[in-house]
Amino acid sequence: MVTTHNLGFPRIGSKRELKFALEDYWKQQTPRENLFTTGAELRKRHWHHQSNLDYVPVGDFSFYDQVLDMSFTLGHIPDRVRHADADELDQYFRIARGRSVNGHDCSCVRAGEMTKWFDTNYHYIVPEFSANTTFALNPERLLAQIEEAQKAGFKAKPVLIGPLTYLWLGKSKDGSDKLDLLPKLLKEYAALLELLGSKKLEWVQIDEPVLVTDLTQQWKDALSEAYQTLANCPLKILLATYFGRLQDNLSLICSLPVDGLHLDAISARNEVKTVVKEWPANRILSLGVISGRNIWKTNLHATLAWLEPIHRELGDRLWIAPSCSLLHVPVDLVNEHKLDSEILSWLSFAVQKLDELNILAIALNKGRVAVQETLVSNFAAVDKRLKSRRVNNPTVKTNLGKINEAMGKRQSAYHARSGLQAAKLNLPAYPTTTIGSFPQTTALRLARSQFKSGDIDEASYVQIIQNEISYCVEQQEQLGFDVFVHGEAERNDMVEYFGEQLDGYAFSQNGWVQSYGSRCVKPPILYGDISRPRAMTVQWTTFAQSLTHKPMKGMLTGPVTILNWSFVRDDQPRSLSCYQLALAIREEVLDLENAGVQIIQIDEAALREGLPLRKSEWREYLTWAIESFRITANGVRDETQIHTHMCYSEFNDIIASIADMDADVITIETSRSDMELLDAFDDFNYPNEIGPGVYDIHSPNTPTQEHMVQLMRQAAERIPSERLWVNPDCGLKTRQWSEVIPALTNMISAAKTLRAQRTS
């Protein structure tokens, strides 16, 4: 009999219950007991959704981030959060967001650095290491959740981040070798596994997604050492890999003394045959046969045709599961009441994916006849989607054939056009700007909802948005900014807003996915060929420009980010969808320029996260990704200044490709990492202008003027001051005006200080 299990379940709740409980607690509107109660209710509900599985994951629930949870389980937290008056929850939120609650209790600290979890849009809190790092096991959170699950009658499979992946995800703060910490770390893992072995558990899932990346021999040796050390634990170890192929790590993995292996059979389908052949005959092989990262229905007929021979060969040794944790998909389709019925029939969220898994298991264990009706219905939906005229637009495909090399080139090189831009814009040294969005108030979100539901008419809605834009412009005038933004009051999300106005996109009501902490996004569903029926931003940008003599940036999301932050069709290469998006956004760029907009920012916040995990595959991705940006941006005149923005990107290894984008100005996140990201410019002479972020907008803390001046001085050691801009790390949408104004006041003061020092 085939065994079913899951690697992890979305923790936010189908209606974002966790988000609201967290934010109420941070605002001190509810006591922590309410937060704990919400967590317990969600865990029980999510285990119930998984009750048909043979094993349910435990320990995958988190109040903020699973990597941060692992840090606390290992007793590994920075000294700066160890205040005498702080308990564990206070320490936890201080490292996550800079403070535990939003009150002014002088408990503010520098929040932990945050970056992307492999090639996903999920952010994790980066562990901080030094030569003196110590660990001290603190298993109570995990033990309590195991007890919860067992009391509720579920067969629990604890989930841990593996020791090699944990070290790999972290950063050495003093230049020491992280692997030197492995012996101390393994001591705590061994103690934890011994403790879990006393809890009537059979299996433990240890996640090592680092195994789908390029590892040096030193890291491979460390992996072997780690699992030799853990081999005698009282539990059976299921080593879980996902997000990619094992490639040169495959033979090593097959030699490890573990009891089972999980392989992502969506990303690594072509490796399954080899693993089946090489995997020891007495061990379990788990195959991830349902995509944990996209929302299309599984073709159950085709999957069974592929799985049945493997099942005949492996028998009871075969387990099946989603490819990775379902953290990356929405919870449940049952809450979708407005999606077009045809498109709805093509989709599968987390709950439905587990239903699909159950159908596959029944078919394998009892034969297809036991689920024949479901298989017929599934095949009809999958086939209809592939053949739908709504998916395929001949005009769009014709336009793709018209792309040529000239479309991606500016008229002149940067050194020539920068002088024209400087003369036209007449900006001071260290020009100040923001990344685009200003706070989205409750009243603003309500107005947008009322307009969509028809409760207010278009004229009323336009007036509300214009009033908000006017307020944003007024605030920027008072603060003394050099380059303005309109504040993006009309936008629900930087990707969804554009998708709503492009043909080929659909939108869920409650398709929320966690990005980090309480921050949730609702990725658009890119189901068909993309085109732009009409202008999308010109109305709002030109209105904002009419309110000031300062230059107003046009704000757009770039094609690569729209692609990477969408659920993307899987019936054609991602590159083709990206080129379609590039042509659509290019039309908007040209319309903005023709409307008199002098500066246009095209955000590519997600460029890095789309990078394949294997360096051998980088060139192909970067070729079409950079070309897509250039097609979007480079049809403008030399006098028009093009900006781009990137979030949480490690640039060192792709800095040449970043330069190839040929944006006049690039703004990047640097404040949480103390300008570490600018190390990329030590050995690379970046030719254009840069705005290293000096205000960490993901924390409610107010940065001081002195701190921002210090950060910019660090930047000036790498980049000539005449090419530096001063700006926040990212957009200000998620912050409150009461937080934003003092922070931006300090930022403007910092820029003035820098100018004075430059001329003295």
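The values are calculated or read from the model by the stated rules, or taken from the named source; none is laboratory data. Just so it is clear, the structure is predicted and the values come from calculations on it, not from any experiment. Note that each Cβ is placed from the backbone with ideal geometry, even for glycine, and that neighbours are counted across all protein chains shown. Quick note on the areas: whole protein, heavy atoms, side chains included, nothing else; ligands and nucleic acids left out. Shrake-Rupley method; radii C 1.70, N 1.55, O 1.52, S 1.80 Å.
A few remarks follow.
- Antiparallel content of DSSP bridges confined to the chain, in %, to 5: 15 percent
- Building the convex hull from the alpha-carbon atoms of region 590-647 and averaging its projection over directions returns 4.3 nm².
- Computed E for Leu386/Ala152 - FRET, C-beta separation, R0 51 angstrom, nearest 0.05: 0.80
- Amide H partners (placed H, <5 Å) of Lys297, local residues excluded: Leu347, Ser348
- A 1.4 Å probe run over the protein chains yields, for region 331-447, 51 Å² of accessible area per residue, whole-number rounding.
- Reachable lysines from Lys402, criterion Cα separation under 27 angstrom, eight or more residues apart if same chain: Lys387
- Between the Cα long axis of helix 140-151 and the first principal axis of the chain there is an angle of about 50°, rounded to the nearest 10.
- Between Ser673, Ala240, His707, the Cα set farthest toward the positive side of the dipole of the chain (charges on each charged residue's Cβ, about the Cα centre) is that of Ala240.
- Cα-based Rg of region 1-41 normalised by 2.2 N^0.38 Å, two decimals: 1.59
- A simple spin-label model places the labels of Glu405 and Ala136 6.4 nm from each other, with each point 7 Å out along Cα-to-Cβ.
- Mean Cβ count within 10 Å, highest first, over the residues of peptides 710-721, 656-667: 656-667, 710-721
- This model, with +1 at the C-beta of Lys and Arg and -1 at the C-beta of Asp and Glu, gives region 30-96 a dipole about its Cα centre of some 120 debye.
- Region 289-382, dipole about Cα centre (Lys/Arg Cβ +1, Asp/Glu Cβ -1), debye to the nearest 20: 200 debye
- Part-to-part distance (alpha-carbon centres) for region 583-617 and region 469-503, which is given in Å: 17 Å
- Charge-dipole axis of the chain as Lys and Arg at +1 and Asp and Glu at -1 on Cβ define it, positive-most pick from Ala144, Val101, Val126: Ala144
- Once C-alpha pairs closer than 8 Å and six or more residues apart are averaged by separation and normalised to the residue number of region 479-611, the relative contact order reads 28 percent.
- Rg/Rg_globular for region 62-157, with Rg_globular taken as 2.2 N^0.38 Å and Rg from C-alpha atoms: 1.20
- C-alpha long axis of helix 372-387 to longest principal axis of the chain, angle in °: 30 degrees
- Rounded accessible area per residue of region 506-567, 1.4 Å, Å²: 27 Å²
- Under a model in which nothing but the beta-carbon of Lys, Arg (+1) and Asp, Glu (-1) is charged, the chain shows a dipole of about 1120 debye around its Cα centre.
- Protein heavy-atom accessible surface, 1.4 Å probe, per residue over region 248-289: 38 Å².
- Taking 0.36 nm per residue of sequence separation and removing the Cα-Cα distance, the Lys220/Ala756 pair yields an extension gain of 187.7 nm.
- Cα long-axis angle, helix 574-594 against the chain (0 to 90 degrees, to the nearest 10): 20 degrees
- Once you divide the Cα radius of gyration of region 397-534 by 2.2 N^0.38 Å, the number left is 1.36.
- What a 1.4 Å probe finds exposed on the chain is 49% carbon and sulfur by accessible area, rounded to a whole percent.
- Across the chain, the mean sequence separation of Cα contacts (distance under 8 Å, 6 or more residues apart), normalised by length, yields a relative contact order of 13 percent.
- With the largest listed first and rounded to whole Å, the semi-axes of the equivalent ellipsoid of region 221-341 from the Cα gyration tensor are 30, 17, 13.
- Across region 1-102, C-alpha contacts under 8 Å between residues 6 or more apart give a mean separation that, scaled by the residue count, equals a relative contact order of 32 percent.
- Span from the region 723-740 Cα centroid across to the region 15-69 one, whole angstrom: 30 Å
- Each Lys or Arg adds one and each Asp or Glu takes one away; over the other residues whose Cβ falls under 10 Å from the Cβ of Met1, this sums to -1.
- Ellipticity at 222 nm from helices only: DSSP H runs of n ≥ 4 in the chain, each -39500 (n - 2.57), divided by the residue count, give -12500 deg cm²/dmol.
- All Cα-Cα distances of the chain, cut into 10 Å bins from zero to the largest, leave 2, 13, 24, 27, 20, 11, 3, 0, 0 percent in each bin in turn.
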